[in-house]
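Colleague: Handing you this structure, nothing more for now.
The values are calculated or read from the model by the stated rules, or taken from the named source; none is laboratory data. If you're wondering where the values come from, they're calculated on a predicted model, not measured in any experiment. Here the Cβ positions follow ideal geometry from the backbone for every residue, glycine too, while neighbour counts run over all protein chains shown.
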Amino acid sequence: MKKKQTKDIKTILADFENLLRFKPSINQMHEEIQMMKFKVRPLNGDVLSLNLKSDQFVSTLWSLGKLDEFYQKKIGSLKQRDREIFNKIFEEIYKKFQEDLNKINIRQLKMVKYRTSLEVEIFRERRLKKTN
């Protein structure tokens, strides 16, 4: 049986920082977001008035997706005592990205005739692994 290689939190955070520092082009991020299987579900308002290809929106959503992927890959490489710290740090990063998403104006001005409220849910479609 292989022993899991453990890394310290500083190394893992540096790896994630490098991932975000060297982002691909907007077009590449858009393609990766499609592969990440994000879905946008309107809860209130007209979703057709949104510009979901906004550079800022794409960049922030890509960062959220990479955060999720990175977390899933690295959580297993930590010692049990470091996982709590790791979870707190990544929860704060996650909140920051969510706040950034909430601040982005993705409305298409020509589509909006009057100001209405708009609420959407963005989630990632996941397949559950079968345990046979």
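Colleague: Taking the criterion of being part of a helix (DSSP H, G or I), at pLDDT 90 or above, among the acidic types (Asp, Glu) and over 30 Å from residue 117 (Cβ atoms), would at least one residue in the stretch 25-34 satisfy it?
Modeller: The answer is yes; a qualifying residue exists.
Colleague: Could you count how many residues in the stretch 37-53 are surrounded by 16 or more Cβ atoms within 10 Å (Cβ to Cβ) and closer than 19 Å to residue 123 by Cβ?
Modeller: Residues that pass the stated criteria total 3.
Colleague: Being closer than 26 Å to residue 120 by Cα, modelled with pLDDT under 90 and of a type in the set (Phe, Trp, Tyr): is that true of residue 90 here?
Modeller: Values: closer than 26 Å to residue 120 by Cα: yes; modelled with pLDDT under 90: no; of a type in the set (Phe, Trp, Tyr): yes.
Answer is no for this residue.
Colleague: Further question on the same structure: Name every residue in the stretch 78-88 that is loosely packed, with under 14 Cβ neighbours inside 10 Å and in contact (Cβ under 8 Å) with a residue 40 or more places away in the chain, in order of residue number.
Modeller: Correct list: 79, 85.
Colleague: May I pose another question? Just for the stretch 42-76: of the residues that are in a helix (DSSP H, G or I) and among the basic types (Lys, Arg), which one is nearest to residue 31 (Cα to Cα)?
Modeller: 66
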